[in-house]
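**Q** Below: one structure in structure tokens.
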Amino acid sequence: MASPLTSSSGAVRRSQLRALGLVAPLVIFVGVTFVTPLGTMLMRSIHDPVVADTLPQTLTLLEEWDGQQLPNESIYITLAEEIKQASSERTLGQIAGRINRVQSGFRSAVTRTARELHSQPIEATRESMISIDSVWADLSTWNAIKLTGQRFTARHYWNAMDLQVLSDGSIGQQPEERRIYIKLFLRTLLVSGIITLLCLILGYPIAHLIANSPPSRANLLLILVLIPFWTSLLVRTTSWIVLLQTQGVLNDLFVLIGLITEDGRLAMIYNMTGTIVAMTHVLLPFMVLPLYSVMRGIPPTHMNAAASLGATPVQAFLRVYWPQSLPGVGAGSLLVFIIAIGYYITPALVGGSEGQLISNMIAYHMQTSLNWGLAAALGGVLLIGVLILYVVYDRLIGLDRIGLR
């Protein structure tokens, strides 16, 4: 006969297994749709084996090269053979693209070299390679091959911070015309902060109104807040194009009332103004809902008690109501700021060249330049920034104070 203790332990174990079975689908879903793509992105930002796999023998010989003078004859011959093989296997374009990101003009040089090597009846030599293209007499070319031949490298992260690995192995700044990413990161942080502040200024009174309205009116106001969630993001964004363009509704209204002249129409779209206005509209519900969830738990009697003790409305708000609403302010601000940092569609449609954020540059490298390593590194830097923000918020305010009840 089983003891009561044994029966209790078996029941607890069965309960744990049942709970694990219920949670397992969610864990698998998160792992497949979030953790795996995130890990793949981070791995791609530091792992680039294309050149190493295509030019293995050349890179092995270059390990003993001092980098101070041109490589010896055997390295030239080995590289020529591997270039011909890569051309035959149709992988030459991949290594040319990788090395061209470090050494400009390499793509055309290696294509010309492959074409000439296939047409030459004799074995390639150092002199014949240099005669085909003078790029093979440049030390920076061989340094670029050696640099891009590393399977694991932080090169993409240096590029994401507007830095580069120099031929001697040291780290230096990119040329002035290529220093764009730090500016984009700072612009993204600034725009996200402005949008968060605007959402707080607009959303706080809206949430207060909803929280202190009768149930029937509160439900109607909530529906109005939630309507943007039921409308396509593309429709909402293009609607702002209609409203804000030079010949749009707002400019026509300003001309009609005499606020501006016909020749002085305002440019409010395809610039930073359009990005901020459209993104504030899209992200406003993410501020209102956390604020409302906290404000509806604040008893109205608290403000009445403060007034009965002699506090003015401003004093009662600052000393009684505002501190109690801070968990909602923190939750809404954190949510809006993090979403704004990674926003892509709205800036792409209404931002123009002035209103582009770092997310647009990540999309460019993923879709157009096909520099996935740099795109992953930019995404990694963005992820690190969000994690730092998360830790700072936890230290200063505490995640346990976020109110989403």
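**Q** Could you rank VAL381, VAL391, VAL294 by how accessible they are, 1.4 Å probe, largest area first? Numbers along the way, then the final one.
**A** Details: VAL381 30, VAL391 75, VAL294 0 Å².
Accessible-area ranking of VAL381, VAL391, VAL294, largest first: VAL391, VAL381, VAL294.
**Q** So for segment 253-405, what are the equivalent ellipsoid semi-axes in whole Å, largest first, each being the square root of 5 times an eigenvalue of the Cα gyration tensor?
**A** Details: eigenvalues 282, 148, 22 Å².
That gives 38, 27, 10 Å for the three semi-axes.
**Q** Sort all Cα-Cα distances of the chain into consecutive 20 angstrom bins from zero, then give the percent of pairs in each bin up to the one containing the longest distance.
**A** Taking every Cα pair in the chain, the percentages come to 19, 37, 28, 13, 2, 0.
**Q** Which value, in Å to one decimal place, does the Kirkwood hydrodynamic radius take for segment 1-149 when every pair of different Cα atoms is included?
**A** Details: mean 1/r = 0.0524 Å⁻¹.
Computed over segment 1-149, the radius equals 19.1 Å.
**Q** Which value, in Å² rounded to 10, gives the accessible area of LEU139 with a 1.4 Å probe and all protein chains present?
**A** 60
**Q** Please list, ordered by chain and number, the residues whose modelled amide H lies under 5 Å from the amide H of LEU163; skip anything fewer than 5 residues away on the same chain.
**A** GLN174
**Q** How far apart, in nm, are two points set 7 Å out from the Cα along the Cα-to-Cβ line at GLU116 and at TYR390?
**A** Taking the two extended label points, one gets 5.4 nm.
**Q** So which residue, out of ALA376, ALA348, ALA316, gets the largest mean-square fluctuation from a GNM of the chain using Cα contacts under 10 Å as springs?
**A** ALA316
**Q** Tell me the relative contact order for the chain as a rounded percent, counting alpha carbon contacts under 8 Å between residues six or more apart. Please list the in-between numbers first.
**A** Values: 429 pairs, mean separation 72.5, N = 405.
About 18 percent, as a whole number.
**Q** How many percent of all Cα-Cα pairs in segment 73-117 sit more than 12 Å apart? If you can, show how the numbers build up before the last one.
**A** Working: 576 of 990 pairs.
Summing the P(r) tail past 12 Å for segment 73-117 gives 58 percent.
**Q** Leaving out ligands, DNA and RNA but keeping every protein chain, what accessible area does LYS84 have, in Å² rounded to the nearest 10, with a 1.4 Å probe?
**A** 60
**Q** Within 10 Å, at most 15 other Cβ atoms, and a DSSP state outside H, G, I, E, B define an exposed site. Report the longest part of the chain free of exposed GluC sites (Glu not before Pro). The partial results should precede the final answer.
**A** Details: sites that count: GLU63, GLU64, GLU89, GLU123, GLU354.
Within the chain, the longest run free of exposed GluC sites (Glu not before Pro) spans 124-353.
**Q** With a Förster radius of 41 Å, plug the Cβ-Cβ distance of LEU209 and SER239 into 1/(1 + (r/R0)^6) and report the FRET value to the nearest 0.05.
**A** Numbers: r = 24 Å, r/R0 = 0.59.
It comes out at approximately 0.95.
**Q** Quick one: what are the phi-derived ³J(HN,Hα) couplings along segment 212-220, Karplus 6.51/-1.76/1.60 with θ = phi - 60°, whole Hz, x for glycine and proline?
**A** So the Karplus estimates, Gly and Pro as x, are 10, 9, x, x, 5, 5, 4, 5, 5 Hz.
**Q** What does the charge count near GLU354 come to, summing +1 for each Lys or Arg and -1 for each Asp or Glu among other residues with Cβ under 15 Å from its Cβ? Working shown, then result.
**A** Values: positive: LYS183, ARG187; negative: none.
Around GLU354, the surrounding residues sum to +2.
**Q** Which value, in Å² and to the nearest 10, is the accessible area of ILE201 when all protein chains are kept and the probe is 1.4 Å?
**A** Accessible surface of ILE201 is approximately 100 Å².
**Q** Whole-Hz Karplus ³J(HN,Hα) for segment 314-320, in order, using 6.51 cos²θ - 1.76 cosθ + 1.60 and θ = phi - 60°, x for Gly and Pro?
**A** So the J values, rounded to whole Hz, are 5, 5, 5, 5, 5, 9, 10.
The values are calculated or read from the model by the stated rules, or taken from the named source; none is laboratory data. This structure is a prediction, so every number in the text was calculated from the model and none was measured. So basically every Cβ, Gly included, is an ideal-geometry build from the backbone, and we count neighbours across all protein chains shown. Just the protein is used for accessible areas: all its heavy atoms, side chains included, with ligands, DNA and RNA removed. Shrake-Rupley method; radii C 1.70, N 1.55, O 1.52, S 1.80 Å.
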